[in-house]
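Here, each number is a calculation from the coordinates, and none is a lab measurement. Fair warning: this is a prediction, and the values are worked out from it, not measured in the lab. Cβ coordinates were reconstructed from backbone atoms using ideal geometry, including for glycine residues, and neighbour counts include every protein chain displayed.
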Amino acid sequence: MRVIVVGAGIAGVACARRLADAGVDVVVLERDLVVGGRMASPRIGGRRVDTGAAYFTVRDEGFADVVSEWEAAGLARPWTAELAVLEGGSRSPERGPMRWAAPGGLASLVAALADGLDVRFGHDVRAAGPGHVDGERAHTVVLAMPDPQAERLVEPGTPAASVLAGRGWRPVITVVAGFAQREWPELAAAFVNGHPVLSLVADDGARRGDDAPVLVAHTTAGLATAHAADPAGVVPAVLDALRDLLGVRTSPEWVDVRHWPHAAPDGTREEPFHLGRDGVALAGDGWGSPRIETAWRSGTGLADAMIAGRST
Ligand SMILES: Cc1cc2nc3c(=O)[nH]c(=O)nc-3n(C[C@H](O)[C@H](O)[C@H](O)COP(=O)(O)OP(=O)(O)OC[C@H]3O[C@@H](n4cnc5c(N)ncnc54)[C@H](O)[C@@H]3O)c2cc1C
């Protein structure tokens, strides 16, 4: 059987990895020029910066095995189990699961998983349906991306189209700010609660382990929605918020802005993926709670179901 996977985020790559390892003929089509999707680590200010996902957690046993391989290869490291919570002018610690980071940026983990796979970049897929992607034939078609992106590709009236319809996804605008020196209190990352501008701030130098004085701030969905047509317009409000919340008084030497129109889905789904009898399948972090680990599990579980000949 030939499988076409659309999307080289961790869900699509995990799916293709499992299929390829089982001897299945699989190709991945990606519109971007790099793998990773929302695990994005572009080079900004002379180094990689995690502009999408901030970190990952590890609960699933199968995912833990993959993470062990990344750790052994020096690609991933346990970062912190304690984040800060900033709320109403106060700061408190919040202990939780170990958060993992990647010295080379989170996208490097997806690149490692994709090693040796047939990934075709710069292919912005326009149409996918039973047995085909943009006119190319396939036994099974996997759409591994946020629901609104997949919805644009599938034929109306198909089972996949009805599964995808009507689910809201929240946006985020990420502002990356590079400073001459670190002038904020020691901080791994902080959840910002009840704030009109920010939802999370991370110290990218602490996260990546090179101590670069770089902050990465994620806006609230409300602010990102208001600035959908002008993402860079959030920068003054974000810098004001960093001053208020962290006491950052100097202006950054540079800023960079990334808009994520579909950062995370509203609500969660019970099913880990969709595999229709018509050979159109759906995977990603929309299937379960929206996390890196969920996306990996979704893609991997879908591949296992395809290999076993199951459908949902
Ligand atoms: C700002 C932000 C913060 C986050 N923080 C965290 C966090 O701290 N911890 C955590 O675990 N998770 C976090 N997440 C969520 C995490 O990034 C996702 O759960 C995970 O990366 C989803 O992977 P995916 O493969 O399902 O989708 P994606 O990574 O979105 O991959 C989809 C891929 O499909 C491609 N694509 C889409 N349409 C087409 C098309 N028509 N043709 C070809 N290719 C196409 C895209 O370019 C992309 O590469 C965060 C996400 C964002 C945006």
> Using Cα pairs under 8 angstrom and six or more residues apart, how large is the relative contact order of the stretch 80-189, in percent?
Replying inline: 20
>> Please check: in the Gaussian network model of the chain (C-alpha springs, under 10 Å), which one of A160, A226, A40 has the largest mean-square fluctuation.
In response: A226
> So between E69 and D240, what do we pick up on full extension, going 0.36 nm a residue minus the alpha carbon distance?
Replying inline: 57.4 nm
>> What is the angle, in °, between the Cα long axis of helix 292-308 and the longest principal axis of the Cα atoms in the chain? Nearest 10 is fine, range 0 to 90.
In response: 10
>> I want to verify a result. In a Gaussian network model of the chain, Cα cutoff 10 Å, which of these has the top mean-square fluctuation: E30, E82, E94?
In response: E94
>> For the chain, what does the helix formula give at 222 nm: sum of -39500 (n - 2.57) over DSSP H segments with n ≥ 4, over the residue count, nearest 500 deg cm²/dmol?
In response: -7500 deg cm²/dmol
> How far apart, in nm, are two points set 7 Å out from the Cα along the Cα-to-Cβ line at A308 and at D60?
Replying inline: 1.4
> So how far apart, in nm, are the two label points at R31 and D134 if each is 7 Å from Cα heading toward Cβ?
Replying inline: 1.1
>> Between 0 and 90 degrees, rounded to the nearest ten: what's the tilt of helix 61-72 against the longest Cα principal axis of the chain?
In response: 60
>> Which of A84, A189, A14 ends up with the largest GNM mean-square fluctuation for the chain, with Cα atoms connected below 10 Å?
In response: A84
> Between A228 and E186, what FRET efficiency follows from the Cβ-Cβ distance if R0 is 35 Å, with the result rounded to 0.05?
Replying inline: 0.50
> Under unit Cβ charges (Lys, Arg +1; Asp, Glu -1), what dipole magnitude, rounded to 20 debye, does the chain have relative to its Cα centre?
Replying inline: 160
> Roughly what angle does helix 235-246 make with the longest principal axis of the chain, taking Cα atoms, 0 to 90 degrees, to the nearest 10?
Replying inline: 60
> Tell me, what is the FRET efficiency for N193 and M98 to the nearest 0.05, using R0 = 22 angstrom and their Cβ-Cβ distance as r?
Replying inline: 0.50
> For T51, T225, T158, what ranking results if the residue with the fewest other Cβ atoms within 10 Å of its Cβ goes first?
Replying inline: T225, T158, T51
